[in-house]
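Enquirer: Sharing a structure with you now.
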Amino acid sequence: MHRNITRRDFLNGMAVGVGGMLANPRIGGLLAAQTPTASAQDRAGYYPPTLNGMRGSHPGAFEVAHSLRDGNFWEKAGKPVETGENYDLVVVGGGISGLAAAYFYRKQAGPSARILILDNHDDFGGHAKRNEFHLGGRMLLTNGGTVSIESPFPYSKEARGLLAELGIDPPALQKKYSDNHVSGGLGFGYFFDKETFGTERLVTDAPGGFYGRQGASSKWADFLARTPLSTQARQDIIRIQEAKVDYMEGVPQEQKKSLLSKMSYKDFLLNVVKAHPDVIPFYQSRTHGLYGIGIDAVPALDCWAIHFPGFQGMGLDRVPSKGLSFTALGEVTPQEEFHFHFPDGNASIARMLVRSLVPGSAPGSTAEDIVTAKMDYGRLDHRDSPVRIRLNSTAVLARHVGNPASAKQVEVVYGRDQQAYSARGKAAVLACWNMVIPYLCPDLPAEQKDALHYGVKVPLVYTVVGLRNWTTFHKLGVRGVACPGMYHTSMNLDQAANIGDYKSSQSPDEPILVHMLRTPCQPGLSAREQQRAGHYELLSTSFETFERNIRDQFVRVLRGGGFDPARDIEAITVNRWPHGYAYEYNPLWDPDWPEGKRPCDIARRRFGRITIANSDASAAAYTDQAIDQGYRAVQELFSS
Ligand SMILES: Cc1cc2nc3c(=O)[nH]c(=O)nc-3n(C[C@H](O)[C@H](O)[C@H](O)COP(=O)(O)OP(=O)(O)OC[C@H]3O[C@@H](n4cnc5c(N)ncnc54)[C@H](O)[C@@H]3O)c2cc1C
């Protein structure tokens, strides 16, 4: 536990990556002004996907925005340096929504349209980030955030069309590469930690898969008998998982659904199912991955919709009912028959968008060859390219040059390399997070600013640990372990995806990546308050604290397999997303706004030559929504 681990990737990565970024929040006049082209992304060897350590919202990515929020940015910022650049469009935010907006704009305006895309991170893609490890002489890929092409909504014509034009056919790819699981034969387990459950124990062969959903019922008694849970808790869990009881007998279907949409799953288990409180720690973190909050804050109806147990005897049908205006996922079941993911998640979509926007940025032309393609970051902000992607650049102002009603230009000011710069566009799409927009556009109407501030993005962490092999997992017979009481509430061998020339780990003695999930929840508070507290926690937790907890968890969970962190851990990447999923309305706290009056509807209103994209604009944390909002934002510009 106390020996040093090899972190060569981390150390090398930091040395290459941070130079030239906004690690210091002091802006303006502190260094000799650099021209935008002399920046980090143009230097030889710049390749952020291979960086380890604290990623996601990495040091240097957020300080400028926070100083803008805190009202002290402009005190320190000198007069912006005018780049003299004039674009057709300036896009703030280089996530999938901003890249899609640039794609749609160019499609409509023609290939010579000049577009500048600004992003505060050292890499493009927003949440759709690629993590690239090189272990034991091979490349291993995974997602730092957005992982799969899936959605509770059917993909729109535009979102589906964009994927098709890029060459991505998810059902065909899924079919072609379906035989992908390295860890076939291995099951799932639960780790009961002594702090939460009194006794420390790994219990393998969990029935019903990782989420213990309905099914595999005959095995629950056997599994629970091996856990340290109390007799009463075991009996109640068997009842929750298996019994077909209508706990709201006599209540009409619509009313049942309405009641379930206004109570948490935790309250459903305690007050409707009448389960013993000892069952709660077993289920508490089960919603963390999808919602970023625990069962105390997720509506029971949503949990029914995603096949959580307890509802099997309640006669609920899946026909959308009237009168429930928004229940996030509550009434909606997954519409897409596919659930496809690239080895680096939807970073491949972002990379394909960039390849199509910026000539020479990556070799190849197919959904297969993008996986192993090495991007040339030196091409992204090249003066010869009509589309330029400028990284490490935080927009701090987007204002019309003149009256918003009649202005022909928008000036966008951004901080980069400790200097403020300005560029102009005939229009701007703000594909950044809603909560930053009121600071960028102080002239927005008050009602719109309030609406932009309403949603609090969901914080979460995807930690990725590179192991020299996975013999301990193999010995224990697990490929994933739910750890409901621990710092990270799950740890899973990376889901393999062999696509094109890319081959993931196949045999236990080969290196592999392990995914861990942490959500900084504060049960007892409302969802929005939990999310606010979580932002603070994530930004004030050091990498060392993460590392210590990761090593501790690996040792405790895999002790029986002989895991040695000093020997087995090769690299750690903490993908920290204080501003993760878009806020989705939560009927436990939010009012039933009428159609068209939700905060996200008001927030995304067009303001002169400025339109608003990003998945926040539809209050739904999905890639198709990010694309759809990029499309809408561009259509609004062309409709004038
Ligand atoms: C951990 C995680 C996992 C997810 N998994 C999935 C999944 O499996 N499937 C799915 O469909 N969706 C998933 N999502 C949802 C995901 O958010 C969307 O799918 C999509 O990637 C969002 O794209 P976006 O462009 O709207 O926002 P973002 O990806 O957030 O991009 C916006 C960009 O704007 C930048 N920005 C903000 N302010 C400024 C500024 N002032 N100046 C410059 N740049 C700025 C941001 O830093 C960011 O880079 C996941 C999200 C997270 C956090």
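Quick grid of which residues meet (1) at pLDDT below 95; (2) within 13 Å of the ligand (Cβ to nearest atom); (3) buried (at least 22 other Cβ atoms within 10 Å of the Cβ):
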{"site": "I349", "(1), (2), (3)": "no, yes, yes"}
{"site": "S361", "(1), (2), (3)": "no, no, yes"}
{"site": "G364", "(1), (2), (3)": "no, no, no"}
{"site": "P386", "(1), (2), (3)": "no, no, no"}
{"site": "L397", "(1), (2), (3)": "no, yes, no"}
{"site": "A407", "(1), (2), (3)": "no, no, no"}
{"site": "G425", "(1), (2), (3)": "no, no, yes"}
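Enquirer: Is there a residue being more than 16 Å from the chain's Cα centre (by Cα), assigned to a helix (DSSP H, G or I) and within 15 Å of the ligand (Cβ to nearest atom) anywhere in region 74-86?
Expert: From region 74-86, those more than 16 Å from the chain's Cα centre (by Cα) are 74-86; that's our starting set.
Now drop any that are not assigned to a helix (DSSP H, G or I), which leaves 74-76.
With within 15 Å of the ligand (Cβ to nearest atom) added as a condition, the list becomes 74.
So far as region 74-86 goes, yes, one or more of its residues are more than 16 Å from the chain's Cα centre (by Cα), assigned to a helix (DSSP H, G or I) and within 15 Å of the ligand (Cβ to nearest atom).
Enquirer: For region 591-623, give me each residue that is at positive phi and near the ligand (Cβ under 8 Å from one of its atoms).
Expert: The initial filter retains those residues of region 591-623 that are at positive phi, namely 596, 608, 614, 619.
The answer is N614, and nothing else.
Enquirer: Would you confirm whether any residue within region 580-590 is of a type in the set (D, E) and under 15 Å from the mean Cα position of the chain (by Cα)?
Expert: Yes; the residues of region 580-590 include at least one that is of a type in the set (D, E) and under 15 Å from the mean Cα position of the chain (by Cα).
Enquirer: Let me ask something else about it. Please specify each residue of region 546-590 satisfying the condition of being away from the ligand (no atom under 16 Å from the Cβ), touching an Asp or Glu at 6+ places or on another chain (Cβ under 7 Å) and small (G, A, S).
Expert: A571
Enquirer: What residue, of L116, L140, is more than 9 Å from the ligand (Cβ to nearest atom), among the aliphatic types (A, V, I, L, M), over 26 Å from D501 (Cα atoms) and buried (at least 23 other Cβ atoms within 10 Å of the Cβ)?
Expert: Unique residue meeting the criteria: L116.
Enquirer: Moving on to the next point. Run down D222, D169, D205, D179 and say which single residue is within 29 Å of A619 (Cα to Cα), modelled with pLDDT under 95 and more than 16 Å from the ligand (Cβ to nearest atom).
Expert: Exactly one residue qualifies, and that residue is D169.
Enquirer: Let me ask something additional. Would region 442-460 turn up any residue that is in contact (Cβ under 8 Å) with a residue 40 or more places away in the chain, touching a helix residue (DSSP H, G or I) at 6+ places or on another chain (Cβ under 8 Å) and over 30 Å from L637 (Cβ atoms)?
Expert: Yes - at least one qualifying residue is present in region 442-460.
Enquirer: For residues that are modelled with pLDDT of 95 or more and out of contact with any strand residue (DSSP E or B) (no Cβ under 8 Å at 6 or more places or on another chain), tally how many sit in region 288-306.
Expert: 0
Enquirer: In addition: Would you please list the contacts, defined by Cβ atoms under 9 Å and residues six or more apart or on different chains, that run from a residue in region 81-95 that is without any contact (Cβ under 8 Å) to a residue 24 or more places away in the chain to a residue that is crowded, with 18+ Cβ neighbours inside 10 Å?
Expert: Qualifying pairs under 9 Å: G84/A423; G84/R424.
Enquirer: State whether the residues of region 327-336 include one that is touching an Asp or Glu at 6+ places or on another chain (Cβ under 7 Å), in a loop (DSSP other than H, G, I, E, B) and at pLDDT 80 or above.
Expert: First, the residues of region 327-336 that are touching an Asp or Glu at 6+ places or on another chain (Cβ under 7 Å): 327-330, 334, 336.
Filter once more, so that each one left must be in a loop (DSSP other than H, G, I, E, B): 327-330, 334, 336.
Narrowing the set further to residues that are at pLDDT 80 or above leaves none.
Checking region 327-336: not a single residue is touching an Asp or Glu at 6+ places or on another chain (Cβ under 7 Å), in a loop (DSSP other than H, G, I, E, B) and at pLDDT 80 or above.
Enquirer: Could you please find all residues in region 624-640 being of a type in the set (V, I, T) and either within 11 Å of the ligand (Cβ to nearest atom) or free of Cβ contacts under 8 Å to residues at least 40 places away in the same chain (or both)?
Expert: I627
Enquirer: Can you spot a residue in region 154-162 that is at pLDDT below 95, within 16 Å of the ligand (Cβ to nearest atom), surrounded by 15 or more Cβ atoms within 10 Å (Cβ to Cβ) and part of a loop (DSSP other than H, G, I, E, B)?
Expert: Yes: one or more hits.
Enquirer: For G145, all conditions in the list (1) part of a strand (DSSP E or B); (2) in contact with a Lys or Arg (Cβ under 9 Å, 6 or more places away or on another chain) hold save one; what is the number of the exception?
Expert: (1)
Enquirer: Condition first: at pLDDT 95 or above and surrounded by fewer than 19 Cβ atoms within 10 Å (Cβ to Cβ). Now tell me which residues in region 369-383 satisfy that.
Expert: D369, T372, K374, D376, G378, H382
Enquirer: Residue pairs, Cβ under 6 Å, 6 or more apart or interchain, first in region 51-79 and among the polar types (S, T, N, Q), second assigned to a loop (DSSP other than H, G, I, E, B). List them.
Expert: As it stands, the answer is S67/P25, since those pairs meet every condition given.
Enquirer: Ok, one more. Among the listed residues L444, L430, L467, which satisfies the condition of being within 16 Å of the ligand (Cβ to nearest atom), at pLDDT 95 or above and crowded, with 23+ Cβ neighbours inside 10 Å?
Expert: L430 is the lone residue from the list that is within 16 Å of the ligand (Cβ to nearest atom), at pLDDT 95 or above and crowded, with 23+ Cβ neighbours inside 10 Å.
Enquirer: Okay, next question. Run down I550, I572 and say which single residue is at pLDDT 95 or above, more than 19 Å from the chain's Cα centre (by Cα), closer than 23 Å to P484 by Cβ and surrounded by 22 or more Cβ atoms within 10 Å (Cβ to Cβ).
Expert: I550
Enquirer: Now a separate question. Determine whether R130 is buried (at least 23 other Cβ atoms within 10 Å of the Cβ), within 16 Å of the ligand (Cβ to nearest atom) and among the basic types (K, R).
Expert: yes
Enquirer: Return the only residue of T545, T541 being polar (S, T, N, Q), surrounded by fewer than 16 Cβ atoms within 10 Å (Cβ to Cβ) and at pLDDT 95 or above.
Expert: One residue alone meets the criteria, T545.
The values are calculated or read from the model by the stated rules, or taken from the named source; none is laboratory data. Quick caveat, the model's predicted, so the values are computed rather than measured. As a convention, Cβ positions derive from the backbone with ideal geometry for all residues, glycine included, and neighbour counts pool all protein chains shown.
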